[in-house]
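A short reminder: the numbers here are calculations on the coordinates, not readings from a lab. Values in this document were obtained by computation on a predicted structure and should not be read as measured data. Positions of Cβ are generated from backbone atoms using ideal geometry, with glycine treated the same way; all protein chains shown enter the neighbour counts.
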Amino acid sequence: MYLKEKTVKGKKYFYLAESFRLPNGKVSSIEKGIPEKSPLQELEKKHVNFFIEKKKEAFAKYAIKNYKADSVFSKSEFEKSESIKVDYQRTIRSFTKSQLKDVFDRFIANFTYESNAIEGNSLTLKDVAIVMFEKRSIEGKDLREIYETRNSRPVMDLLLRKKFDVSEKSVIKMHEMLMKDMDERTGYKQIPNYIPGSNVEFTPPEKVEEEMGKLIEWYNKSIETMHPIQVSALFHGKFIKIHPFEDGNGRVGRFISNAILTNHDYPPFIIRKTQREAYIKCMQDFFRGYTQNLERLFLRKYKDTYRKFFEVYLKYIKK
């Protein structure tokens, strides 16, 4: 926030103001008249809620005007999602450098534990923290599980700093980082995928590059007209249906879905291992052409993760 001063017919008027960018890059501003000039810090504390609500209104208005609404992503859900986005951005800006590192470290550990557990990794949350932050192995555990865990941290570090754009190059790089020391095969798959018990027909190797190109093209068009959370969900389903790599597709897909959100200033989310069956069912529905269950799952986990992780952390440090 900053102070503005205007003189009208010789009389001075003071305003507290805040500028911010909308998703289309345009700068918007909020102003509130104040009776007299006071220290900025005092004014910010006194009027912060006014600016938060006005900012939420501005982002909700933008979403309602620019994004297609439907039965899942209704105008009401736009308002809720944008409200969380504004709260999240203000929350992380309020953290000190050490607090921000701590909350992101906690998120990375939780995300990695849950995402890997969905794929059958047996490491506990405590094990994950030891591997990531103490850089130690866990006796009796498979090296692959250790590498899966270790490799996730640098990827999520980059993702949270918006260093992964949604492109074929970034997707391949992300996969390479996640599979370090586990698989020397880089780039798209050379042999068809086989998942025991699954009758899903994934994209054959010879068509992967073409289908991934179409997916990125779809993303670049859709992100302008659909809510980013919806794009994140649909991108995930389409990506998993392609299954572009011989291994690691699920983990890469969950990272990319979060990159879409963080690149557009939304908080990342976690699908927990306790929702594994629901997640798999949503994916099966998606493959049959019913996309809304996956969209609902992503929307719900977006809201749940913010409320049960980031909000809880904020309350904890304010005690």
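Couple of notes before you dig in:
- Remark on I34: its backbone amide H falls under 5 Å from those of F14, Y15, L16, a criterion applied only to residues 5 or more positions apart or on other chains, H modelled at 1.01 Å from N.
- Under 15 Å, Cβ to Cβ, from K11 - net charge with Lys/Arg +1 and Asp/Glu -1: +3
- Most mobile of K189, K26, K101 in a GNM of the chain (Cα contacts under 10 Å): K26
- FRET efficiency estimate (nearest 0.05) - Cβ-Cβ, D183 to S29, R0 51 angstrom: 0.50
- For a paramagnetic label modelled on R296 (point 7 Å from Cα along Cα→Cβ), amide N atoms under 20 Å away belong, within the range 220-239, to 227-238.
- Label-to-label distance, I191 versus V312, with points set 7 angstrom from Cα along the beta-carbon direction: 4.2 nm.
- Rounded to two decimals, the Cα-based Rg/Rh of the range 2-66, with Kirkwood Rh, is 1.05.
- From most to least packed by mean Cβ count within 10 Å, the peptides 132-142, 244-254 give 244-254, 132-142.
- Counting only Cβ charges, +1 for Lys and Arg and -1 for Asp and Glu, the dipole size of the chain around its Cα centre is about 1820 debye.
- Answer label, with Cα Rg over 2.2 N^0.38 Å calculated from the coordinates and candidates [x] 1.25; [y] 1.12; [z] 0.90: [y]
- 222 nm mean residue ellipticity, helices alone, for the chain (DSSP H n ≥ 4; -39,500 (n - 2.57); rounded to 500): -19500 deg cm²/dmol
- Using a Förster distance of 30 Å, the FRET efficiency for S170-K97 (Cβ separation, nearest 0.05): 0.65
- Relative protection proxy for 86-95, 171-180, from highest mean packing down: 171-180, 86-95 (other beta-carbon atoms within 10 angstrom).
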